[in-house]
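Derivation of every value follows stated rules applied to the coordinates shown; laboratory data play no part. These numbers come from a predicted model, not from an experiment. Every residue, glycine as well, gets a Cβ built from its backbone with ideal geometry; the counts of neighbours run over all protein chains shown.
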Amino acid sequence: MIEEVRIRDLGVIEDAVLPLAPGLTVVTGETGAGKTMVVTGLGLLLGGRADSGAVRTGAARTLVEGRLVLAEGSPAAVRAEEAGAELDDGVLLIARSVGADGRSRAHLGGRQAPIAVLADLAAELVAVHGQSDQQRLLQPARQRAALDRYAGASVGGPLAEYRSAYSRVREVEAQLADLSGRRAELDREAADLRAGLAEVEQVAATPGEDAALAAEIEVLGHADALAAGARAAQLALTGDEQRPESGDALTGLAQARRSLDAVHGHDPGLDALAERVAEASYAVAEVGADLAAYASAVDADPIRLGRVQERLGLIQGLARRHGRSLDEALAWAAAASLRLLDLDGSDERLDALHAESADLRGILAATGQRISQARTVAAARFADAVTAELSALAMPDARLEVSVDQTEDADSGLAVGDRSLAYGPDGLDAVELRLCPHPGAPLRPLQRGASGGELSRVMLAVEVVFGDADPVPTFVFDEVDAGVGGSAAVEVGRRLARLAETAQVLVVTHLPQVAAFADAHLVVEKGADGAVTRSGVAVLDDEGRARELTRMLAGLADSELGRAHAQELLDLAARAKRAGSRG
């Protein structure tokens, strides 16, 4: 609810503070005092269009500040926090300024915010019904949502089922569109994978084969040099049988052994060295034999070299095309095999998605029809209730109807029977409130079916009937009583009081019959210094209320007859409110 509003330099209002309580608050005042500026100020505070012409003459800017109390976790509190506003124990401070140069600024919870954020917040907080500002329930989406809540479980149950199926069908059809749109691309990908895998399979390389082939090529390419080196080393170690006179390591070692054997046994140290010479002789003989065997085994086979080089070239080409090495190419092949399995299953996936989409559409069609039938029943009940209310609000010939219509959509609609209907997240229906203001007049949407004052009364009747079905914390009515008087004015007051039992209601009125029902009464008072008119707002006590109602009735605040009539109105309103609360 709105706890307090402060208005500075707006129209004739110089500086006014409006303390707003729960229940019904009325604002009254003489003509020209600036009553409507109160509603204008609220409109600015809640994101309305700024008009620099409304800035008080001589002032640099208009400033409207508000103090709102938001329930924890409420949509309004969530939106405010999402916008970065800071709440202090559920209290939100809002400020809006409009400069004489037309510049407008807004602050939400101590932080500057776009004006649009205020408007979004207002949609959850306040319903304004005035001569030129009828917004909330004139929006078809709001009308449908309010009717659904009015209908209760008859719509709520199937609507929850419908929305679940709708959410899933959107996901399924998005996947279908993606798969179908990428069909050619996926087919090309699968063909490329198959070609690459066929190449890998044809080469049939094994891990590490490229390194082994490179090593073999190194040996085959230097076979002659390797054999010659081994033979030379062998001759140097063990000698050449064909040339016994050539020196070799083994002959030298044999001579060394004989020299040491001649002095064996005299010195253990020398005997140990003799053993090492003997070991060296055995090692040289063994290495020489191995070198001779190696030299004999080395085969300079150009045919084998060519085949190995060709095989390595195949493997290296495979590696270049599918990685940087044979190991990476083989890893690519493993991943490609899995991807190909997935791609080959896409046809089955498409078939499954098509089947699921058809099933879900069937659920949407059947559930959507149940919702439409329940809405139609609730719409008739609601229309009769509002029409009865209008009769009591000095519109006896007015008639409200609620259309629940379905639209054909041959391209992407939902098959329902032999028709293809447009559908959305809330069902198959477009809901619209329509008014026939008098016999012979056509039914028209609310905003085109009544004048400003009539429309305020129509919206009052609508809000009263909706009651708890479409809750909003605060209602503002400006000139809701335009064109009515007498007993009809009393009925307007009675219904405003009924609405105020569950919401905060602020009413700008010129009728004492309406003002008598107030829980709190504010009066806009004007004064003048001969050149400039200034207005302010005062809170009236019981005595002040009686005087103000007397002024409204008789034009004179001190009229004894008017005062008696005012007290009679106050007593009547009190009795009606007590009876309403008991009912």
Net charge over other residues, Cβ less than 12 angstrom from the Cβ of Pro512 (K, R count +1; D, E count -1) | +1
Counting helices only, and only those DSSP H runs with n ≥ 4, report the 222 nm mean residue ellipticity of the chain as the sum of -39,500 (n - 2.57) divided by its residues, in deg cm²/dmol to the nearest 500.
-> -18500 deg cm²/dmol
Normalised per residue, the volume inside the convex hull of the alpha-carbon atoms of segment 318-425 in Å³ amounts to 193
Spacing of the two label points (7 Å from each Cα toward its C-beta) at Glu30 and Ala293, in nm = 13.1
q = 0.06, 0.09, 0.11, 0.13 Å⁻¹: log10 I(q)/I(0) that the Debye formula gives for the chain, counting C-alpha atoms only | -0.55, -0.87, -1.08, -1.31
Quick one: length gained pulling Ala214 to Glu185 fully straight, 0.36 nm per residue minus the C-alpha distance?
-> 6.5 nm
Over segment 203-341, with a single point scatterer placed on each C-alpha, what log10 of the ratio I(q)/I(0) does the Debye formula yield at q = 0.09 1/Å?
-> -0.54
Compute the long axis of helix 209-221 from its Cα atoms, compare it with the longest principal axis of the Cα atoms of the chain, and write down the angle in degrees, 0 to 90, nearest 10.
-> 30
Using θ = phi - 60° and the Karplus curve 6.51 cos²θ - 1.76 cosθ + 1.60, what whole-Hz ³J(HN,Hα) does each residue of segment 302-311 get, with Gly and Pro shown as x?
-> x, 5, 5, 4, x, 5, 5, 5, 5, 5
Round to the nearest 10 and give me the degree value, 0 to 90, for the angle of helix 542-554's Cα axis relative to the longest principal axis of the chain.
-> 60
Any idea which of Ser357, Ala335, Ser325 is furthest toward the positive side of the dipole for segment 306-428, if Lys and Arg beta-carbons carry +1 and Asp and Glu beta-carbons -1?
-> Ser325
Here the gain from full extension of Ala283 to Arg575, 0.36 nm per residue of separation minus their alpha-carbon distance, amounts to 92.3 nm
Provide the gained length on full extension for the span Glu86 to Leu561, in nm with one decimal, where the gain is 0.36 nm per separating residue minus the Cα-Cα distance.
-> 165.7 nm
Helix 452-466 versus the longest principal axis of the chain: what is the Cα-based angle in degrees, 0 to 90, to the nearest 10?
-> 60
